[in-house]
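The values are calculated or read from the model by the stated rules, or taken from the named source; none is laboratory data. In this text, all values refer to a predicted model and were calculated from it rather than measured experimentally. Cβ sites come from the backbone with ideal geometry, for glycine too, and all protein chains shown count toward neighbours.
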Amino acid sequence: MTLCGLAFAGANRGRDSLGRMPGLMTAEELAGIDLSACETNVGIRRAGQGVQSLQSALHAAGARTAITSLWKVDDALTRRLMELFYTYLWVEELPKAEALWRAKQDLRREGAAVRDWAGWVLSGDPH
C-alpha cells in the first residue's frame with residue numbers, strides 16, 4: 001500500500017528537508033484515516049471567513065458541484081442514496097439536482113427515516 005496513493009497540490013515540488021514528499025499520501029496513510037463523508041457540509045464559523053467546511057474546500061479547489069451532508073448519516077443508506085443518484089444521473093441522464101431529489105424520494109418511499117435522506121444537499125452547478 002506504499003506504492004499507490006493520492007497526489008495533491010505541491011506534489012511536484014520534490015522532497016522536503018526531512019526527506020518527505022509533501023502533497024503525496026500513500027494508500028497506507030489513507031487507510032488510517034476516517035474518511036466518512038458525514039457532516040461534510042458542517043463547518044466552523046470564523047470571523048470574516050464564513051463557515052469553513054469540506055463543501056467550501058471542494059468548491060475552492062475547483063469542484064463545480066458537491067453533494068454534502070448536514071449531519072451524520074447511516075453508511076448503508078448513504079451508499080443506497082448514491083447508487084440511486086448515479087443511476088438517475090448516468091443512466092437516465094437527469095440533471096444533478098433532479099437526480100439527487102429523486103434518489104431522496106426513493107429512499108423515503110423505501111421507508112428510510114428523514115434523518116437518513118434529508119440532510120444531503122447539492123451545491124454548485126445543478127446541471
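Quick notes on this structure:
- Among residues of the range 104-127 that are of a type in the set (Asp, Glu), those with a Cβ under 8 angstrom from a residue that is buried (at least 16 other Cβ atoms within 10 Å of the Cβ) and not in a helix (DSSP H, G or I), sequence gap 6+ or separate chain, pair up as ASP116/VAL73.
- Qualifying position, being exposed (fewer than 12 other Cβ atoms within 10 Å of the Cβ), farther than 27 Å from PHE8 by Cα and at pLDDT 85 or above, among ARG102, ARG79, ARG109, ARG115: ARG109
- Unmet requirement for SER36, which otherwise passes all of (1) closer than 30 Å to ASN12 by Cα; (2) assigned to a loop (DSSP other than H, G, I, E, B); (3) at pLDDT 85 or above: (3)
- Those residues of the range 52-96 which are in contact (Cβ under 8 Å) with a residue 60 or more places away in the chain, touching an Asp or Glu at 6+ places or on another chain (Cβ under 6 Å) and either assigned to a helix (DSSP H, G or I) or not β-branched (Val, Ile, Thr) (or both), in sequence order: ARG64
- Here ILE67 meets each of (1) of a type in the set (A, V, I, L, M); (2) crowded, with 18+ Cβ neighbours inside 10 Å; (3) in contact with a Gly (Cβ under 6 Å, 6 or more places away or on another chain) with one exception, condition (3).
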